[in-house]
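Enquirer: Structure below; questions to follow.
The values are calculated or read from the model by the stated rules, or taken from the named source; none is laboratory data. As the structure is a computational prediction, the values presented were derived from the model and not from experiment. Cβ atoms come from the backbone with ideal geometry, glycine included; neighbour counts cover every protein chain shown. Side chains included, ligands, DNA and RNA excluded: accessible areas come from the protein's heavy atoms. Shrake-Rupley method; radii C 1.70, N 1.55, O 1.52, S 1.80 Å.
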Amino acid sequence: MSSRKILAIETSCDETSAAVIEEGKVILSNIVASQVKSHQRFGGVVPEIASRHHVEQITLIIEEAMQEAGIAYADLDAVAVTEGPGLVGALLIGVNAAKAIAFAHGLPLIAVNHIKGHIFANRLVSDMQFPLLSLVVSGGHTELIYMSAPDSFEVIGETRDDAAGEAYDKIGRVLGVPYPGGKHIDEMAHKGADTYHFPRAMIREDNYDFSFSGLKSAFINTVHNAKQKGEPIHTDDLAASFQAAVVEVLVDKTIRAAKDRPVKQLVLAGGVAANRGLRSALEKAVAAELPEVKLLIPPLALCGDNAAMIGAAAQVKLAKAEFSDYALNGQPGLSV
Amino acid sequence: MKILGIDTSNQAMSIALVDEDGLVIEKTVNIKRNHSIQLMPSIEALFGEANWVPKDIDRVAVASGPGSYTGVRIGVTVAKTLAYAVGAELVGVSSLHVLAGNGEQIPGSFIVPLFDARRGNIYTGLYHYQQGVCRPVQTDTHIAIEKWADFLEGLQAPVQLVGTDVNKHMDVLNNRLGDRLLLLAPSQTLPRASVLAELARDKKPEVVHTFEPSYLKLAEAEQKWMETQTEESLGGGWIEKL
């Protein structure tokens, strides 16, 4: 059989993306159009604006992905699209565009879970070996997922309130850094020190769940009290203290969960996987405590939302001929 | 010329296949359903019944708004992606024009389609027949029903009101227009994709990639943001390739 190619489309939040992926591993193209500059005007993603941008961009981005891959529609084996989770209006653009392409060219349609996509971003750079444990951290998700096989997903821990990335964005607003705040907080954290000693929520509890809303409140209160008393605010130290609290809990629980299971690999995934503090802390912890386990961290370009990862995840369904019909809808609250 | 017409801009969904001789097949559904779930399966079924294949289409005609933001976007996304994918032309027709196309040719009268836009506002337009074709007299608008009723009263001419939302504003309209108000039969209050496809037959095609819906209204967040900006700070170039 010649190598199979998938056209993948991702529009779950504020990136319009299309990619052509070969055998779930090789990126022939991966076009990502970011709306971040537009949403910066509002201090966060406005769903209606996101949907409007997607419909403006969608065919242009698909055409660019096909041209850069240098292939014709006849060379494709399937069209894949993110069905959820995400913003419903945004998801609908990708889903309906994918259905139209599938109908026009008689191609099978594959629905992909966005979270699984983030995990499979790693397959574009390394072999994935099972069983593995994945820590998915993004603006909308903080989950520990155990995978005994490519099509088996068991959520063993998750956030009980805010996602880690969401907490970053919220405290970013308090510190007055542009949306999205994560990158700026990460940079500031490297210049400061953990002097504020924020709480490490749930770190001693006998489960793999997380909570970040208490940390967020502690942070906001600290800034608020200092302002009221006219005390100096050390923003770099605040960022470093916040980041230290987030990273310590994430790393501690991830390592514990990995030790409790026969995992061959530990996989970091999601937008917050771009965070330097988290990457280096996880690298150190794995080297020290799990020397037999291989740590996979996607390159920065594949941490944020992109269609290449959707094409990688879709390959698993293509191999099993798990296709969707044209009634496919956006699923904003889709779980793993 | 084979034309696929699509209107999902409000609660009703209408799809039609039209060729050089006119209507081949049409489906109009006025059940509260999710357009994203029903549109593509219906298109596939109509193609099957008509024995057409996607590559047969010369032109995709779509109701481009105004209407429900999500509904309009579903129709426009399917239309533009399908047109791009099979290399067909894309034509956008105002969703209000599609409704106006249901109006009767009554000399000296105007046709006024309308959709409710909440908080006392409507999306509407002014149309009339010229040489047997329904054409806009002025551009479509988003306006307070009271202001629009004043305007219609000033026309001093018979007005055919079209749309399922007409009833919501009947008191105001009846008050101002009295016996100059003409109502159409219930079967003429729903958008018909066959009417849309005929209106699209002679229109100039759009540039597929840059085609976008005519919302006639900014998103609320953008409206508020604009109010705080000077002309120089409005900016643009919101999309960046990574």
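Enquirer: What's the ranking of A:82-92, B:185-195 by average number of surrounding C-beta atoms within 10 Å, highest first?
Expert: Going from most to least packed, we get A:82-92, B:185-195.
Enquirer: While we're on this one: Over all Cα pairs of chain A, how is the pair count split among 20 Å bins, expressed in % and running from 0 up to the last occupied bin?
Expert: 32, 55, 12, 0
Enquirer: Thinking of the stretch B:103-188 as a set of Cα atoms, what percent of all their pairs are more than 17 Å apart?
Expert: Beyond 17 Å sits 42 percent of the P(r) for the stretch B:103-188.
Enquirer: Let me ask something else. Report the Cα centroid-to-centroid distance between the stretch A:160-195 and the stretch B:9-70 in angstrom, as an integer.
Expert: 47
Enquirer: Given Cβ point charges of +1 (Lys, Arg) and -1 (Asp, Glu) and nothing else, what value in debye, to the nearest 20, does the dipole of the stretch A:88-171 about its Cα centre take?
Expert: Around 340 debye, computed over the stretch A:88-171.
Enquirer: Follow-up. Quick one: what do you get for the stretch A:1-60 if you divide its Cα Rg by 2.2 N^0.38 Å?
Expert: Relative to the 2.2 N^0.38 Å estimate, the stretch A:1-60 comes out at 1.36.
Enquirer: Rank B:Leu173, B:Gln156, B:Val133 by how far each Cα sits towards the positive end of the charge dipole of the stretch B:103-188 (+1 on Lys, Arg Cβ; -1 on Asp, Glu Cβ) and give me just the farthest.
Expert: Of the candidates, B:Val133 comes out farthest on the positive side.
Enquirer: Which of A:Lys99/A:Lys294; B:Lys32/B:Lys55; A:Lys5/B:Lys55; B:Lys204/B:Lys224 have a Cα-Cα distance over 27 Å?
Expert: The answer is A:Lys99/A:Lys294; B:Lys32/B:Lys55; B:Lys204/B:Lys224.
Enquirer: Could you run the Debye sum over the Cα atoms of the protein assembly as shown, one equal point scatterer each and no solvent, and tell me log10 of I(q)/I(0) at q = 0.05, 0.06, 0.09 Å⁻¹, two decimals?
Expert: Calculated log10 I(q)/I(0) at the listed q: -0.26, -0.37, -0.76.
Enquirer: Now, a different point. If you take every DSSP beta bridge whose two residues both sit in the protein assembly as shown, what share of them, in percent to the nearest 5, is antiparallel?
Expert: Just about 60 percent of them are antiparallel.
Enquirer: Loop-only check: which trypsin sites (Lys or Arg not before Pro) in the stretch B:23-86 are DSSP coil with at most 11 other Cβ within 10 angstrom?
Expert: B:Lys32
Enquirer: With the cut-off at 1.5 for a/c, could you classify chain B from its C-alpha gyration tensor as rounded, prolate or oblate?
Expert: oblate
Enquirer: How many percent of DSSP beta bridges within the stretch A:127-297 run antiparallel, rounded to 5?
Expert: The antiparallel proportion sits near 55 percent.
Enquirer: Let me ask something additional. Roughly how much of A:Ser148 is accessible, in Å² to the nearest 10, using a 1.4 Å probe?
Expert: 60
Enquirer: On to the next question. Which percent of Cα-Cα pairs in the stretch A:127-297 sits in each 5 Å bin, short to long?
Expert: 2, 9, 18, 22, 19, 13, 8, 5, 2, 1, 0, 0
Enquirer: Could you state the per residue volume, in Å³, of the convex hull enclosing the Cα atoms of the stretch B:149-223?
Expert: 173
Enquirer: Any idea how far apart A:Arg276 and B:Lys2 come out in nm if each label point goes 7 Å out from Cα toward Cβ?
Expert: Rounded to a tenth, the inter-label distance reads 5.8 nm.
Enquirer: Counting only other chains, what is the mean number of Cβ atoms within 10 angstrom of the Cβ of each residue in peptide A:47-53?
Expert: 5
Enquirer: Only bridges whose two residues both fall in chain A count here: according to DSSP, what percent of them are antiparallel, nearest 5?
Expert: 60
Enquirer: While we're looking at this one, here's another question. Evaluate the charge dipole of the stretch A:59-122 about its Cα centre and quote only its size in Debye, nearest 20, assuming +1 on the Cβ of each Lys and Arg and -1 on the Cβ of each Asp and Glu.
Expert: Taking the Cα centre of the stretch A:59-122 as origin, the dipole is about 260 debye.
Enquirer: For the stretch A:96-102, what does the Karplus curve 6.51 cos²θ - 1.76 cosθ + 1.60, with θ = phi - 60°, yield as ³J(HN,Hα) per residue in whole Hz, taken in order and with x for Gly and Pro?
Expert: Running phi through 6.51 cos²θ - 1.76 cosθ + 1.60 with θ = phi - 60° gives 6, 5, 5, 5, 5, 5, 4 Hz.
Enquirer: Averaged over A:104-113, how many beta carbons belonging to a partner chain fall within 10 Å of each residue's beta carbon?
Expert: The shielding value for this peptide is 2.
Enquirer: Restricting to Cα pairs below 8 Å that are 6+ residues apart, what does the relative contact order work out to for chain A? Please round to a whole percent.
Expert: Answer for chain A is 25 percent.
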